[in-house]
Amino acid sequence: EKAVVTAYIWGLENLPFDVRTGSLQIASDVFSKIGVSVKWRQKKPAEGQAQRERALAIRIVGKTGGSSQKTLAAARPYEGSEITIFYGAMGWASQHPQLARMVFAHVLVHEMTHNLQQVSQHSKTGMMKERWTSEDFAAMQWKPLSFEPADVELIHRGLANRSLQMASAAR
(Lines give C-alpha, C1' and ligand atoms only; values in the text may rest on other atoms or scores of the structure.)
Protein backbone atom coordinates (compact mmCIF):
# COMPACT_ATOMS: atom_id res chain seq x y z
CA GLU A 1 0.00 0.00 0.00
CA LYS A 2 1.33 3.39 -0.99
CA ALA A 3 1.90 6.21 1.46
CA VAL A 4 -0.09 9.30 0.44
CA VAL A 5 1.24 12.86 0.58
CA THR A 6 -0.92 15.91 -0.03
CA ALA A 7 0.92 18.78 -1.71
CA TYR A 8 -0.59 22.24 -2.07
CA ILE A 9 1.11 24.07 -4.92
CA TRP A 10 0.46 27.60 -6.07
CA GLY A 11 2.13 30.21 -8.22
CA LEU A 12 1.93 27.86 -11.22
CA GLU A 13 1.15 30.89 -13.38
CA ASN A 14 4.86 31.76 -12.91
CA LEU A 15 5.80 28.68 -14.98
CA PRO A 16 5.72 28.43 -18.78
CA PHE A 17 2.80 26.22 -19.83
CA ASP A 18 5.02 23.41 -21.21
CA VAL A 19 6.95 23.25 -17.92
CA ARG A 20 3.77 23.27 -15.82
CA THR A 21 2.06 20.48 -17.77
CA GLY A 22 4.75 17.83 -17.49
CA SER A 23 6.57 18.55 -14.26
CA LEU A 24 3.91 17.52 -11.72
CA GLN A 25 3.45 14.21 -13.54
CA ILE A 26 7.21 13.58 -13.57
CA ALA A 27 7.38 14.33 -9.84
CA SER A 28 4.41 12.00 -9.18
CA ASP A 29 6.08 9.22 -11.19
CA VAL A 30 9.37 9.58 -9.28
CA PHE A 31 7.60 9.24 -5.93
CA SER A 32 5.34 6.45 -7.19
CA LYS A 33 8.40 4.30 -7.96
CA ILE A 34 9.29 4.33 -4.25
CA GLY A 35 5.76 3.67 -2.97
CA VAL A 36 4.59 7.24 -2.38
CA SER A 37 1.48 8.72 -3.98
CA VAL A 38 1.22 12.52 -4.28
CA LYS A 39 -2.22 14.20 -4.18
CA TRP A 40 -1.75 17.61 -5.79
CA ARG A 41 -3.95 20.52 -4.71
CA GLN A 42 -3.36 23.41 -7.10
CA LYS A 43 -4.21 26.19 -4.66
CA LYS A 44 -2.78 28.00 -1.66
CA PRO A 45 -3.83 26.32 1.61
CA ALA A 46 -5.72 28.30 4.21
CA GLU A 47 -3.65 29.63 7.15
CA GLY A 48 -2.37 26.66 9.20
CA GLN A 49 -4.11 24.11 6.96
CA ALA A 50 -0.95 22.47 5.59
CA GLN A 51 0.47 22.01 9.10
CA ARG A 52 -2.79 20.54 10.41
CA GLU A 53 -2.97 18.10 7.48
CA ARG A 54 0.79 17.38 7.57
CA ALA A 55 0.69 18.43 3.90
CA LEU A 56 3.38 20.16 1.88
CA ALA A 57 2.87 23.82 0.95
CA ILE A 58 4.81 24.68 -2.21
CA ARG A 59 4.97 28.27 -3.46
CA ILE A 60 6.44 29.00 -6.88
CA VAL A 61 8.02 32.40 -7.35
CA GLY A 62 8.70 33.66 -10.86
CA LYS A 63 11.08 36.53 -11.41
CA THR A 64 13.87 36.97 -8.88
CA GLY A 65 15.25 40.27 -7.68
CA GLY A 66 18.62 39.96 -9.37
CA SER A 67 20.10 37.79 -12.07
CA SER A 68 22.73 36.62 -9.56
CA GLN A 69 20.10 34.47 -7.82
CA LYS A 70 21.72 31.02 -7.52
CA THR A 71 19.31 29.42 -5.07
CA LEU A 72 16.70 27.36 -6.92
CA ALA A 73 14.58 26.56 -3.89
CA ALA A 74 14.31 26.43 -0.12
CA ALA A 75 12.68 23.82 2.08
CA ARG A 76 12.04 23.79 5.83
CA PRO A 77 12.54 20.14 6.77
CA TYR A 78 12.31 20.64 10.53
CA GLU A 79 9.05 22.55 10.24
CA GLY A 80 7.84 20.07 7.65
CA SER A 81 5.58 21.82 5.20
CA GLU A 82 6.80 25.03 3.54
CA ILE A 83 8.79 25.01 0.29
CA THR A 84 9.59 27.95 -1.98
CA ILE A 85 10.81 27.36 -5.53
CA PHE A 86 12.49 30.24 -7.36
CA TYR A 87 11.62 29.45 -10.97
CA GLY A 88 13.23 32.73 -12.07
CA ALA A 89 16.62 31.27 -11.07
CA MET A 90 16.14 28.47 -13.65
CA GLY A 91 16.03 30.85 -16.60
CA TRP A 92 19.10 29.22 -18.17
CA ALA A 93 17.04 26.04 -18.74
CA SER A 94 14.07 27.79 -20.35
CA GLN A 95 15.61 27.80 -23.85
CA HIS A 96 15.15 24.01 -23.78
CA PRO A 97 11.55 23.16 -22.75
CA GLN A 98 12.26 19.45 -22.08
CA LEU A 99 15.23 20.36 -19.88
CA ALA A 100 13.27 23.12 -18.10
CA ARG A 101 10.46 20.63 -17.32
CA MET A 102 12.91 18.04 -15.96
CA VAL A 103 14.94 20.57 -13.95
CA PHE A 104 11.79 21.99 -12.36
CA ALA A 105 10.48 18.47 -11.59
CA HIS A 106 13.83 17.52 -10.00
CA VAL A 107 13.96 20.68 -7.86
CA LEU A 108 10.36 20.01 -6.80
CA VAL A 109 11.09 16.37 -5.84
CA HIS A 110 14.37 17.31 -4.12
CA GLU A 111 12.74 19.94 -1.90
CA MET A 112 9.66 17.80 -1.18
CA THR A 113 12.02 15.02 -0.13
CA HIS A 114 13.80 17.26 2.39
CA ASN A 115 10.47 17.99 4.07
CA LEU A 116 9.25 14.39 3.87
CA GLN A 117 12.52 13.12 5.38
CA GLN A 118 12.24 15.79 8.09
CA VAL A 119 16.02 16.21 8.00
CA SER A 120 18.42 18.46 6.13
CA GLN A 121 20.88 16.13 4.42
CA HIS A 122 22.22 15.42 0.94
CA SER A 123 23.48 12.29 -0.80
CA LYS A 124 26.57 11.65 -2.89
CA THR A 125 24.56 10.86 -6.02
CA GLY A 126 21.17 11.19 -7.65
CA MET A 127 18.06 13.13 -6.73
CA MET A 128 19.31 14.27 -3.32
CA LYS A 129 22.80 15.34 -4.42
CA GLU A 130 23.65 18.81 -3.04
CA ARG A 131 24.77 20.26 -6.39
CA TRP A 132 23.93 18.69 -9.73
CA THR A 133 26.67 18.72 -12.37
CA SER A 134 26.34 19.25 -16.12
CA GLU A 135 26.45 15.42 -16.40
CA ASP A 136 23.49 15.17 -14.00
CA PHE A 137 21.53 17.76 -16.03
CA ALA A 138 22.32 15.86 -19.24
CA ALA A 139 21.19 12.57 -17.66
CA MET A 140 17.92 14.00 -16.30
CA GLN A 141 16.85 14.95 -19.83
CA TRP A 142 16.48 11.22 -20.57
CA LYS A 143 15.12 9.95 -17.27
CA PRO A 144 14.77 11.25 -13.72
CA LEU A 145 17.70 10.84 -11.37
CA SER A 146 17.14 8.15 -8.77
CA PHE A 147 17.16 8.12 -4.99
CA GLU A 148 19.90 6.37 -3.04
CA PRO A 149 18.46 3.54 -0.87
CA ALA A 150 19.14 5.58 2.30
CA ASP A 151 17.04 8.44 0.86
CA VAL A 152 14.09 6.11 0.30
CA GLU A 153 14.41 4.76 3.84
CA LEU A 154 14.47 8.31 5.26
CA ILE A 155 11.40 9.28 3.22
CA HIS A 156 9.41 6.32 4.55
CA ARG A 157 10.63 6.92 8.11
CA GLY A 158 9.59 10.58 7.82
CA LEU A 159 6.18 9.60 6.43
CA ALA A 160 5.64 7.18 9.32
CA ASN A 161 6.59 9.98 11.73
CA ARG A 162 4.09 12.35 10.03
CA SER A 163 1.35 9.71 10.44
CA LEU A 164 2.14 9.38 14.14
CA GLN A 165 2.07 13.18 14.52
CA MET A 166 -1.35 13.32 12.84
CA ALA A 167 -2.72 10.48 14.97
CA SER A 168 -1.56 12.10 18.22
CA ALA A 169 -2.89 15.52 17.11
CA ALA A 170 -6.28 13.91 16.42
CA ARG A 171 -6.56 12.62 19.98
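Compute the label zone of residue 122 within the range 70-87: residues whose backbone N is under 19 Å from the point 7 Å along Cα-to-Cβ. Of the residues in the range 70-87, 70-78, 83-87 have backbone N under 19 Å from the label point off residue 122. For an R0 of 30 angstrom, estimate the FRET efficiency from the Cβ-Cβ distance between residue 161 and residue 95 and round to the nearest 0.05. Efficiency, rounded to the nearest 0.05: 0.15. Mind checking the per residue accessible area of the chain for me, 1.4 Å probe, whole number of Å²? That works out to 53 Å² per residue. Principal axis analysis of the Cα atoms in the chain yields extents of 51, 34, 26 Å, listed in decreasing size. Note on the range 74-171: dipole from Cβ charges, positive end direction compared against 159, 139, 83; the farthest Cα belongs to 159.
The label-point distance for residue 146 and residue 71, in a model that sets each label 7 Å from Cα toward Cβ, rounds to 3.3 nm. Shown is the FRET efficiency for residue 12 and residue 171, computed with R0 = 35 Å from the Cβ-Cβ distance and rounded to the nearest 0.05: 0.45. Summed over qualifying helices (DSSP H, 4 residues or more, each -39500 (n - 2.57)) and divided by its residue number, the chain shows a 222 nm mean residue ellipticity of -13500 deg cm²/dmol. Between residue 135 and residue 49, the modelled labels are 4.4 nm apart [label points 7 Å from Cα along Cα→Cβ]. Straight-distance candidates among the lysines for linking to residue 33, with alpha-carbon spacing under 17 Å and chain neighbours fewer than 8 residues away dropped: 2, 143. The Cα trace of the range 9-110 gives Rg and Dmax of 13.5, 40 Å, the first to one decimal, the second as a whole number.
Two tests apply to each whole DSSP H helix in the chain, Cα reach of 15 Å or more along its axis and mean Kyte-Doolittle hydropathy of at least 1.0, and none passes both.
The values are calculated or read from the model by the stated rules, or taken from the named source; none is laboratory data. In this text, all values refer to a predicted model and were calculated from it rather than measured experimentally. Please note: Cβ atoms are built from the backbone with ideal geometry, for glycine as well, and neighbour counts cover all protein chains shown. The area values use the complete protein model at the heavy-atom level, side chains included, leaving out ligands, DNA and RNA. Shrake-Rupley method; radii C 1.70, N 1.55, O 1.52, S 1.80 Å.
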